[in-house]
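Working notes, structure below.
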Amino acid sequence: MNTIMRKSVLSVAGLAFAGGVFAGPIAAHAATPTVDAKPVAVAVQSAAPKPQGEQSHIDLNDEQTANVKAIIAATKKAGLPERAAVISIATSLQESKLENLGHLGDANDHDSLGLFQQRPTSGWGTPEQITDPAYSTTAFLKGLKQVDGWQDMPLTDAAQTVQVSAYPDAYAQWEQQATDLVAQHWNS
């Protein structure tokens, strides 16, 4: 046999061997009889919605952290889930950076006060009530509960429906930090 013919035969034999090695397990598996299996129900906890857009973050001081804890406590007292606390904290991050703001003079947005920049003239309560973190959070949550489907809608839409802000998309930027804060403090 000449050299060219021998190389051709060996090449074909090598390909046949390689094909058998790679296809063998697949072919063997395909020949295995199938088992009549029934689907198994698996409980899967739904994941929190993925934050929308670019995310912002600020470092919190002791007062701001205390306000996070007050928001979480009010959410628990209202019997609402962690998602409500995330929406509340993100809203407060946008409105006041979690600072319980009093009247800011000329820098004030109308008569907006407190963690959520709620307005006495819009029916949120008295200035004293609005600057009480527990009261202002409860007022915000009362508005949130009136939003059909708030649990499943994007955070910024839920917050905007309650707040009616001139910047409706601004709440989304705080979702990751709010989620992290709730995860950190919900069970503490």
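The values are calculated or read from the model by the stated rules, or taken from the named source; none is laboratory data. If you're wondering where the values come from, they're calculated on a predicted model, not measured in any experiment. A quick note on method: Cβ atoms are made from the backbone with ideal geometry, for glycine too, and the neighbour counts reach across all protein chains shown. We work out accessible area using only protein heavy atoms, side chains counted, and drop any ligands, DNA or RNA first. Shrake-Rupley method; radii C 1.70, N 1.55, O 1.52, S 1.80 Å.
What to note about this one:
- Single match in Gly143, Gly125 (criterion: part of a loop (DSSP other than H, G, I, E, B) and either farther than 15 Å from Ala178 by Cβ or out of contact with any Phe, Trp or Tyr (no Cβ under 6 Å at 6 or more places or on another chain) (or both)): Gly125
- Test: residue in segment 153-166 that is farther than 17 Å from Asp59 by Cα, surrounded by fewer than 16 Cβ atoms within 10 Å (Cβ to Cβ) and modelled with pLDDT under 95: yes
- Count - residues of segment 53-88 that are modelled with pLDDT under 95 and open to solvent by 80 Å² or more (accessible area, probe 1.4 Å): 1
- Flag if Ala178 is within 18 Å of Gln64 (Cβ to Cβ), assigned to a helix (DSSP H, G or I) and open to solvent by 50 Å² or more (accessible area, probe 1.4 Å): no
- Condition met for Thr131 (hydroxyl-bearing (Ser, Thr, Tyr), open to solvent by 10 Å² or more (accessible area, probe 1.4 Å) and out of contact with any Gly (no Cβ under 9 Å at 6 or more places or on another chain)): no
- The one condition from (1) in a loop (DSSP other than H, G, I, E, B); (2) more than 13 Å from Ile87 (Cβ to Cβ) that Met153 does not meet is (2).
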